[in-house]
Amino acid sequence: MDWAYRRTNSKCRKKYNINFTPEHKEFLKILHTIDKKEVIEYTDTPDEDPEIKTEEVPFFYNWLEDEKEINERFKWPYKTILEDVLGRNKVWLKSWGKRPNSTEEIENIFRDWYNKTPSLIPLIYHRYLVSDTNLEYRPVLSICGSDTIVYGWDLRTYLLRELKDHLNIQVLVYNEEDKDYYPELKEEASLILKNDCAFNENKQIPYLQEMILIWNSGWSSFGLKYPGEEDNAAHPIMKTYYEDEEDNQQKTFTTF
């Protein structure tokens with residue numbers, strides 16, 4: 001397994017121009033990937049009785065074999081966030097200044113911003129590890145266009161969230177009202193994930209943090225509260241651009 005890891009690390013540096021973080025290296029040494037593919041079901045049409053299709057997809061990417069999927073995922077953040085900037089959501093960050101009318105100018109501003117963001121290494125689907133070793137916290141992000149959230153402030157807590165259904169960290173608890181059993185995290189795992197959301201001034205994600213706060217105005221880990229909470233002012237980074245208004249300025253709100 002250590003041989004496979006060394007081969008993986010060397011090959012990836014050449015092929016993808018990346019360096020794995022120390023914690024990611026340890027992960028690759030121990031697990032690297034899951035050989036069994038995950039089977040997903042999907043349909044191509046919105047018909048009432050559509051044909052159900054299935055596809056086998058990688059779980060954690062095998063960096064020696066899943067070249068097609070990995071290359072697609074490297075392109076995903078740029079592509080999908082830009083779609084939200086140019087498309088119907090009209091996402092526009094406050095730090096970008098006044099929104100130009102020209103699509104070319106908008107793309108130039110976005111490209112300049114994106115090129116400054118920390119490197120993102122795909123783990124699975126739209127989950128990415130922030131790979132800047134200068135950061136004390138290197139979180140895993142879930143990126144679906146501008147809808148970007150912190151899925152764990154380090155690789156360990158991310159894995160607990162992602163694999164909770166496959167690990168022995170949950171117990172079934174009976175709900176009297178519903179008359180049914182539901183899984184709940186065991187105390188140790190629950191405490192780890194609760195602490196993961198706690199505020200720390202070193203929890204900073206250059207450039208991407210502003211994008212995260214578009215949809216999450218008040219993450220506790222950033223020391224913020226949600227709009228509407230007691231004694232809280234609205235955070236000024238909000239997804240509220242209105243195309244038909246003359247001043248083209250980003251707006252704020254104070255309640256949900």
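Each value in this text was obtained by applying a stated rule to the coordinates, not by laboratory testing. As the structure is a computational prediction, the values presented were derived from the model and not from experiment. Virtual Cβ from ideal backbone geometry, glycine too; neighbours counted across all protein chains shown.
Tabulated data
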read-out	value
Compactness index (Cα Rg / 2.2 N^0.38 Å), the range 170-222	1.64
Long-range amide H partners of TYR151 with built H, under 5 Å	VAL140, LEU141, SER142
Karplus (6.51, -1.76, 1.60) ³J(HN,Hα), θ = phi - 60°, over the range 117-133, in Hz, Gly and Pro reported as x	6, x, 5, 10, 10, x, 10, 6, 6, 9, 9, 9, 8, 6, 9, 7, 6
Per-residue Cβ neighbour rank within 10 angstrom, fewest leading, ARG161, ARG127	ARG161, ARG127
Cα-based equivalent ellipsoid of the range 95-230: semi-axis lengths in Å, sorted from largest, via gyration tensor	33, 18, 15
Inverse of mean 1/r across different Cα pairs in the range 120-187, Kirkwood, Å	13.8
